[in-house]
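S.K.: Dumping the structure here so I can ask a few things about it.
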Amino acid sequence: MGETIGLRAADGHTLDGYLARPAGTPRGGLVVLQEIFGVNDHIRRVTEGFAAAGYLAIAPALFDRVRRGVALGYDEIPAGRDIMGALGRDAIVRDIAAAVAAVRSAGSVGAVGYCWGGALADLAACQCDIAAAVSYYGRHTATWLDLQPKCPVMYHFGRLDPLIPPEVVAAIRAGRPAGLFHVYDEAGHGFNCDARPEYHAASAALALERTLAFLQQELG
(Lines give C-alpha, C1' and ligand atoms only; values in the text may rest on other atoms or scores of the structure.)
Protein backbone atom coordinates (compact mmCIF):
# COMPACT_ATOMS: atom_id res chain seq x y z
CA MET A 1 0.00 0.00 0.00
CA GLY A 2 1.12 3.51 -0.74
CA GLU A 3 0.50 6.88 0.87
CA THR A 4 -0.29 10.37 -0.33
CA ILE A 5 2.40 12.95 0.35
CA GLY A 6 2.76 16.63 -0.46
CA LEU A 7 5.11 17.94 -3.13
CA ARG A 8 6.21 21.51 -3.82
CA ALA A 9 7.18 22.70 -7.29
CA ALA A 10 9.83 25.33 -7.95
CA ASP A 11 7.18 28.05 -8.38
CA GLY A 12 5.64 27.27 -4.98
CA HIS A 13 2.69 25.26 -6.24
CA THR A 14 1.83 22.32 -3.99
CA LEU A 15 0.48 19.04 -5.30
CA ASP A 16 -0.17 15.54 -4.04
CA GLY A 17 1.92 12.53 -4.91
CA TYR A 18 1.01 8.89 -4.38
CA LEU A 19 4.17 7.28 -2.97
CA ALA A 20 4.79 3.53 -2.79
CA ARG A 21 7.90 2.12 -1.12
CA PRO A 22 9.71 -1.14 -1.92
CA ALA A 23 10.17 -3.79 0.73
CA GLY A 24 13.96 -3.47 0.78
CA THR A 25 16.63 -1.09 -0.43
CA PRO A 26 15.32 0.69 -3.55
CA ARG A 27 16.83 -0.03 -6.96
CA GLY A 28 16.19 3.64 -7.75
CA GLY A 29 13.37 6.14 -7.97
CA LEU A 30 10.52 6.09 -10.48
CA VAL A 31 7.96 8.75 -11.39
CA VAL A 32 4.69 7.27 -12.69
CA LEU A 33 2.84 9.68 -14.98
CA GLN A 34 -0.93 9.51 -15.21
CA GLU A 35 -3.40 9.20 -18.03
CA ILE A 36 -5.99 11.98 -18.47
CA PHE A 37 -8.12 10.32 -15.78
CA GLY A 38 -5.97 11.51 -12.88
CA VAL A 39 -4.24 9.50 -10.19
CA ASN A 40 -7.01 6.92 -10.08
CA ASP A 41 -7.09 3.39 -8.70
CA HIS A 42 -5.31 1.95 -11.73
CA ILE A 43 -2.41 4.43 -11.56
CA ARG A 44 -2.06 3.78 -7.84
CA ARG A 45 -1.91 0.04 -8.51
CA VAL A 46 0.68 0.55 -11.23
CA THR A 47 2.74 2.64 -8.81
CA GLU A 48 2.50 -0.10 -6.19
CA GLY A 49 3.54 -2.65 -8.81
CA PHE A 50 6.74 -0.77 -9.56
CA ALA A 51 7.41 -0.52 -5.82
CA ALA A 52 7.01 -4.30 -5.60
CA ALA A 53 9.63 -4.52 -8.37
CA GLY A 54 12.05 -2.58 -6.15
CA TYR A 55 11.57 1.09 -6.97
CA LEU A 56 10.62 4.02 -4.76
CA ALA A 57 7.71 5.01 -6.97
CA ILE A 58 5.58 8.15 -6.98
CA ALA A 59 2.62 9.28 -9.08
CA PRO A 60 2.31 13.09 -8.97
CA ALA A 61 -1.21 14.51 -9.21
CA LEU A 62 -0.57 16.67 -12.25
CA PHE A 63 -4.19 17.88 -12.42
CA ASP A 64 -3.90 19.57 -9.00
CA ARG A 65 -3.08 22.91 -10.64
CA VAL A 66 -6.59 22.92 -12.10
CA ARG A 67 -8.59 20.71 -9.73
CA ARG A 68 -7.45 18.63 -6.79
CA GLY A 69 -8.27 15.02 -6.13
CA VAL A 70 -9.19 14.14 -9.71
CA ALA A 71 -9.87 10.43 -10.32
CA LEU A 72 -12.14 10.18 -13.37
CA GLY A 73 -13.93 7.19 -14.81
CA TYR A 74 -12.93 5.93 -18.24
CA ASP A 75 -16.15 7.32 -19.68
CA GLU A 76 -15.17 10.87 -18.63
CA ILE A 77 -12.72 11.56 -21.44
CA PRO A 78 -14.00 15.11 -22.22
CA ALA A 79 -13.54 16.18 -18.58
CA GLY A 80 -10.00 14.82 -18.56
CA ARG A 81 -9.14 16.54 -21.82
CA ASP A 82 -10.50 19.85 -20.50
CA ILE A 83 -8.26 19.70 -17.44
CA MET A 84 -5.28 18.61 -19.52
CA GLY A 85 -5.86 21.50 -21.91
CA ALA A 86 -5.83 24.01 -19.06
CA LEU A 87 -2.29 23.07 -18.06
CA GLY A 88 0.82 24.72 -19.46
CA ARG A 89 3.82 22.65 -20.44
CA ASP A 90 6.25 24.56 -18.23
CA ALA A 91 4.06 24.06 -15.16
CA ILE A 92 3.78 20.33 -15.88
CA VAL A 93 7.57 20.04 -16.13
CA ARG A 94 7.94 21.81 -12.77
CA ASP A 95 5.52 19.37 -11.15
CA ILE A 96 7.29 16.36 -12.63
CA ALA A 97 10.60 17.78 -11.39
CA ALA A 98 9.12 18.02 -7.88
CA ALA A 99 8.22 14.33 -8.05
CA VAL A 100 11.72 13.48 -9.27
CA ALA A 101 13.18 15.32 -6.29
CA ALA A 102 10.89 13.43 -3.91
CA VAL A 103 12.40 10.06 -4.89
CA ARG A 104 15.97 11.21 -5.56
CA SER A 105 17.11 9.69 -2.25
CA ALA A 106 16.64 6.25 -3.86
CA GLY A 107 19.41 6.90 -6.41
CA SER A 108 18.97 7.25 -10.17
CA VAL A 109 15.45 8.28 -11.16
CA GLY A 110 13.38 7.26 -14.16
CA ALA A 111 9.91 8.06 -15.45
CA VAL A 112 7.19 5.87 -16.91
CA GLY A 113 3.89 7.14 -18.25
CA TYR A 114 0.71 6.08 -20.02
CA CYS A 115 -1.23 7.90 -22.78
CA TRP A 116 -0.91 11.61 -21.85
CA GLY A 117 1.60 10.51 -19.24
CA GLY A 118 3.43 8.48 -21.87
CA ALA A 119 4.13 11.65 -23.79
CA LEU A 120 5.07 13.38 -20.53
CA ALA A 121 7.64 10.66 -19.84
CA ASP A 122 9.30 11.65 -23.12
CA LEU A 123 9.03 15.33 -22.13
CA ALA A 124 10.65 14.53 -18.78
CA ALA A 125 13.50 12.86 -20.64
CA CYS A 126 13.97 16.11 -22.54
CA GLN A 127 13.58 18.62 -19.71
CA CYS A 128 14.06 16.92 -16.33
CA ASP A 129 17.07 15.40 -14.60
CA ILE A 130 16.28 11.71 -15.04
CA ALA A 131 18.29 8.70 -16.17
CA ALA A 132 15.68 6.85 -18.25
CA ALA A 133 12.07 7.03 -19.40
CA VAL A 134 9.41 4.65 -20.69
CA SER A 135 6.53 5.96 -22.80
CA TYR A 136 3.35 3.97 -23.38
CA TYR A 137 1.24 5.16 -26.35
CA GLY A 138 2.14 8.84 -25.97
CA ARG A 139 0.72 10.63 -29.00
CA HIS A 140 1.55 14.14 -27.80
CA THR A 141 5.26 13.41 -28.16
CA ALA A 142 4.73 14.25 -31.83
CA THR A 143 4.03 17.89 -30.86
CA TRP A 144 7.49 18.58 -29.40
CA LEU A 145 9.88 16.69 -31.63
CA ASP A 146 12.01 19.83 -31.70
CA LEU A 147 13.12 18.79 -28.21
CA GLN A 148 15.50 15.87 -27.72
CA PRO A 149 15.74 13.39 -24.83
CA LYS A 150 18.84 13.61 -22.65
CA CYS A 151 18.59 9.99 -21.53
CA PRO A 152 17.55 6.62 -23.00
CA VAL A 153 13.83 6.25 -23.76
CA MET A 154 11.73 3.17 -24.54
CA TYR A 155 8.44 3.56 -26.46
CA HIS A 156 5.46 1.18 -26.56
CA PHE A 157 2.67 1.46 -29.16
CA GLY A 158 -0.24 -0.72 -30.24
CA ARG A 159 -0.52 -1.34 -33.96
CA LEU A 160 -4.33 -1.23 -33.71
CA ASP A 161 -4.40 2.10 -31.86
CA PRO A 162 -6.93 4.38 -33.64
CA LEU A 163 -5.58 7.44 -31.82
CA ILE A 164 -1.97 6.91 -32.89
CA PRO A 165 -1.95 5.69 -36.51
CA PRO A 166 1.22 4.25 -38.08
CA GLU A 167 2.21 7.56 -39.64
CA VAL A 168 2.30 9.23 -36.20
CA VAL A 169 4.39 6.39 -34.79
CA ALA A 170 6.69 6.77 -37.80
CA ALA A 171 7.04 10.51 -37.17
CA ILE A 172 7.92 9.93 -33.52
CA ARG A 173 10.37 7.20 -34.48
CA ALA A 174 12.03 9.55 -37.00
CA GLY A 175 12.23 12.31 -34.40
CA ARG A 176 13.67 9.95 -31.77
CA PRO A 177 16.35 8.01 -33.68
CA ALA A 178 18.01 6.80 -30.47
CA GLY A 179 14.73 5.54 -28.99
CA LEU A 180 13.89 1.89 -28.37
CA PHE A 181 10.54 1.20 -30.08
CA HIS A 182 8.16 -1.70 -29.59
CA VAL A 183 4.89 -2.04 -31.54
CA TYR A 184 2.39 -4.70 -30.44
CA ASP A 185 0.45 -6.20 -33.33
CA GLU A 186 -2.67 -7.17 -31.39
CA ALA A 187 -2.86 -4.10 -29.12
CA GLY A 188 -4.82 -0.88 -29.37
CA HIS A 189 -4.80 2.28 -27.28
CA GLY A 190 -4.66 1.81 -23.51
CA PHE A 191 -3.62 -1.82 -23.84
CA ASN A 192 -1.76 -1.75 -20.52
CA CYS A 193 -4.79 -0.77 -18.42
CA ASP A 194 -6.64 -3.76 -17.01
CA ALA A 195 -9.57 -1.51 -16.05
CA ARG A 196 -10.36 -0.67 -19.68
CA PRO A 197 -11.96 -2.73 -22.47
CA GLU A 198 -8.86 -2.10 -24.57
CA TYR A 199 -6.68 -4.09 -22.18
CA HIS A 200 -4.60 -6.73 -23.96
CA ALA A 201 -3.04 -9.01 -21.38
CA ALA A 202 -0.32 -10.58 -23.51
CA SER A 203 0.90 -7.24 -24.87
CA ALA A 204 0.78 -5.66 -21.42
CA ALA A 205 2.81 -8.49 -19.92
CA LEU A 206 5.46 -8.32 -22.64
CA ALA A 207 5.66 -4.52 -22.40
CA LEU A 208 6.10 -4.71 -18.64
CA GLU A 209 8.81 -7.34 -18.99
CA ARG A 210 10.66 -5.12 -21.43
CA THR A 211 10.09 -2.05 -19.25
CA LEU A 212 11.47 -3.68 -16.11
CA ALA A 213 14.52 -5.02 -17.96
CA PHE A 214 15.16 -1.55 -19.41
CA LEU A 215 14.77 0.15 -16.02
CA GLN A 216 17.07 -2.37 -14.36
CA GLN A 217 19.67 -1.72 -17.04
CA GLU A 218 19.44 2.07 -16.78
CA LEU A 219 18.62 2.62 -13.10
CA GLY A 220 19.71 -0.55 -11.30
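S.K.: Are any residues in segment 161-181 surrounded by 18 or more Cβ atoms within 10 Å (Cβ to Cβ) and touching a His at 6+ places or on another chain (Cβ under 9 Å), and if so, which ones?
M.R.: Those that are surrounded by 18 or more Cβ atoms within 10 Å (Cβ to Cβ) and touching a His at 6+ places or on another chain (Cβ under 9 Å): Asp161, Ile164.
S.K.: Could you look through segment 21-52, keep only residues that are among the small types (Gly, Ala, Ser) and part of a strand (DSSP E or B), and pick out the one that is nearest to Gly190 (Cα to Cα)? Reasoning before the result, please.
M.R.: Filtering segment 21-52 for residues among the small types (Gly, Ala, Ser) gives 23-24, 28-29, 38, 49, 51-52.
With part of a strand (DSSP E or B) added as a condition, the list becomes 28-29, 38.
Numbers: Gly28: 26, Gly29: 24, Gly38: 14 Å.
Going through the qualifying residues, I end up with Gly38.
S.K.: While we're on this one: Given the condition assigned to a loop (DSSP other than H, G, I, E, B) and among the acidic types (Asp, Glu), answer yes or no: does some residue in segment 145-157 qualify?
M.R.: Looking through segment 145-157, at least one residue is assigned to a loop (DSSP other than H, G, I, E, B) and among the acidic types (Asp, Glu).
S.K.: Can you work out which of the residues in segment 110-152 that are hydroxyl-bearing (Ser, Thr, Tyr) and free of Cβ contacts under 8 Å to residues at least 60 places away in the same chain is farthest from Arg210 (Cα to Cα)?
M.R.: Per the stated criteria, the residue is Thr143.
Per-residue answers, yes or no, for (1) more than 25 Å from Leu219 (Cα to Cα); (2) surrounded by 23 or more Cβ atoms within 10 Å (Cβ to Cβ); (3) touching a helix residue (DSSP H, G or I) at 6+ places or on another chain (Cβ under 6 Å):
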{"residue": "Ala79", "(1), (2), (3)": "yes, no, no"}
{"residue": "Val93", "(1), (2), (3)": "no, no, yes"}
{"residue": "Ala97", "(1), (2), (3)": "no, no, no"}
{"residue": "Ala132", "(1), (2), (3)": "no, yes, yes"}
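S.K.: Of the residues Tyr18, Tyr55, only one is farther than 20 Å from Gln216 by Cβ, hydroxyl-bearing (Ser, Thr, Tyr) and at pLDDT 95 or above; which?
M.R.: Just a single option satisfies the conditions, and that option is Tyr18.
S.K.: Okay, moving on. Considering only residues of segment 53-72 that are assigned to a helix (DSSP H, G or I) and within 9 Å of Asp16 (Cα to Cα), which is farthest from the chain's Cα centre (by Cα)?
M.R.: Selected residue: Asp64.
The values are calculated or read from the model by the stated rules, or taken from the named source; none is laboratory data. Computed from a predicted model, the values in this text were never measured in an experiment. So basically every Cβ, Gly included, is an ideal-geometry build from the backbone, and we count neighbours across all protein chains shown.
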